[in-house]
Amino acid sequence: MQKDSPFFVSGVHHIAIICSDYPASKRFYTEILGFETLREVYRKERDSWKLDLKINGLYQIELFSFPNTPERPSRPEACGLRHLALKVNNIESAKSHLESKGVLCEDLRVDPHTGKRFTFFSDPDDLPIEFYED
């Protein structure tokens, strides 16, 4: 859509992730991936935590916890969101950092269309996350 049309998409506002173990996921996204906490709210009526995380001042991840969430049907080819891809400026350093924190990463691969390198790893709920070298 063009800027002069009735509406246009100007960027990503947020990405919502539902986790099964809130403390483990909070630690993963803040301490391992280094996202900054904007706000944390416990919603008693839903028995649910909501953690808003900032990524480099640009985007926000909303991390939710709900009781009795269903598991993801398959990985990563389930219908719906396939994976979350995050830009990094040094793929070797990013991969080494994750591995030093006990996060298993796939071997580095090269995107045949762009020539850029990437790797996949998982969050505590086995959500596939990609580091893509920018």
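The values are calculated or read from the model by the stated rules, or taken from the named source; none is laboratory data. Owing to the predicted nature of the structure, the values given are computational and were not obtained by experimental measurement. Backbone-built Cβ (ideal geometry, glycine too); neighbour counts: all protein chains shown. Accessible surface areas use protein heavy atoms only, side chains included; no ligands, DNA or RNA. Shrake-Rupley method; radii C 1.70, N 1.55, O 1.52, S 1.80 Å.
General remarks:
- Some residue of the stretch 107-121 being within 18 Å of the chain's Cα centre (by Cα) and part of a loop (DSSP other than H, G, I, E, B): no
- For the stretch 79-106, the tally of residues that are part of a loop (DSSP other than H, G, I, E, B), out of contact with any Phe, Trp or Tyr (no Cβ under 7 Å at 6 or more places or on another chain) and open to solvent by 70 Å² or more (accessible area, probe 1.4 Å) stands at 5.
- The stretch 112-134 residues that are touching a residue at least 60 places away in the same chain (Cβ under 8 Å), paired with ones that are surrounded by 18 or more Cβ atoms within 10 Å (Cβ to Cβ) and assigned to a loop (DSSP other than H, G, I, E, B) (beta carbon under 9 Å, 6 or more apart): Asp123/Leu33
- With a requirement of 3 or more residues that are in contact (Cβ under 8 Å) with a residue 12 or more places away in the chain and closer than 21 Å to Glu130 by Cβ, the strands (runs of 3 or more DSSP E) lying completely within the stretch 25-77 that satisfy it span 48-55, 59-65.
- Complete set of residues in the stretch 23-62 that are touching a strand residue (DSSP E or B) at 6+ places or on another chain (Cβ under 9 Å) and of a type in the set (Asp, Glu): Glu36, Glu40, Asp47, Asp52, Glu62
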